[in-house]
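This report refers to the structure that appears directly beneath it.
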Amino acid sequence: MITFQDVKNSEEVNKLILNAQKQLDALGFTEHSIRHITIVSNRASKLLQDLGYDEHRVELARIAGYMHDIGNAINRTDHAHSGAILAYEILKEMGMDINDRIEIMMAIGNHDEATGTAISDISAALILADKSDAHRDRVRNNNIQNFDKHDKVNYAVTDSEFTLNKQERKITLSLTIDNKICPTLDYFEIFMDRTMMSKFAAKYLNLWFELIINGTKLL
């Protein structure tokens, strides 16, 4: 059985991740590298684990989270689709069971809000983990005067908490936004599609998605 540790130790996977970020830096995008994928991997796997899924599903979510952005090494456009194919072929070469690599391929191929949606437990967990990672640590631009809207919104997020209440079947994303950097409305302008995708992904897992910004419940 191919494990998360096998994937994390893969030179090919890590070269793709690092060069994907190099390309995104040239294009002016936020961070999608080791910090982001580690958060997504941990968050997706912990969510399924806390919901009582078996360790095998948890491990597949962990792997999908780590590999979900490797398509950025090809091009930012359609990176979910190209990344899904890349992941499938890499995992095939590593000897992963065909059913497992198909599960990971489908989750990665559906994680982008422009073309995807929750189609499995692993996919739903990946979406929730990925879309909830808004934080100033993702901003690569060091000059605040040159921030675009994505930079401003992410940099304005000074604290982010992603929690599950199993008793109430509720996922909560709680953000602290510095309104001196950008108004809360800008968050919705940039992230509305991602928020709605998260809401649907939570519903797939029979959960309610709640968004709190600066202590005020907005969704």
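Odds and ends about this structure:
- Filter result for residue 123 (in contact with a helix residue (DSSP H, G or I) (Cβ under 6 Å, 6 or more places away or on another chain) and of a type in the set (S, T, N, Q)): yes
- Applying the set (1) touching an Asp or Glu at 6+ places or on another chain (Cβ under 6 Å); (2) buried (at least 24 other Cβ atoms within 10 Å of the Cβ); (3) not in a loop (DSSP other than H, G, I, E, B) to residue 123 leaves exactly one unmet item: (1).
- Extreme residue, surrounded by the fewest Cβ atoms within 10 Å (Cβ to Cβ), among residues of region 82-108 that are under 15 Å from the mean Cα position of the chain (by Cα) and not small (Gly, Ala, Ser): 106
- Taking the criterion of being at pLDDT 90 or above, of a type in the set (D, E, K, R) and outside any strand (DSSP E or B), the residues of region 139-185 that qualify are 140, 151, 152, 166, 168, 169, 178, 180.
- Applying the condition of being in contact with a Leu (Cβ under 9 Å, 6 or more places away or on another chain) and basic (Lys, Arg) to region 127-184 and asking which residue is surrounded by the most Cβ atoms within 10 Å (Cβ to Cβ) yields 131.
- Exclusive hit being closer than 17 Å to residue 40 by Cβ and modelled with pLDDT under 95, set 134, 124: 134
- All helices (runs of 4 or more DSSP H) inside region 33-107 with 1 or more residues being touching a strand residue (DSSP E or B) at 6+ places or on another chain (Cβ under 8 Å): 34-50
- Filter result (in a loop (DSSP other than H, G, I, E, B) and surrounded by fewer than 19 Cβ atoms within 10 Å (Cβ to Cβ)) within region 186-217: 206, 214, 215
- Pairs with Cβ under 8 Å, 6+ apart, first in region 89-111 and in contact (Cβ under 8 Å) with a residue 40 or more places away in the chain, second assigned to a helix (DSSP H, G or I) and among the acidic types (Asp, Glu): 90/12; 91/100; 94/6; 111/130
The values are calculated or read from the model by the stated rules, or taken from the named source; none is laboratory data. What you see is a predicted model, and the numbers here were worked out from it, not measured in a lab. Reconstructed Cβ throughout: ideal geometry from the backbone, glycine too, with neighbour counts over all protein chains shown.
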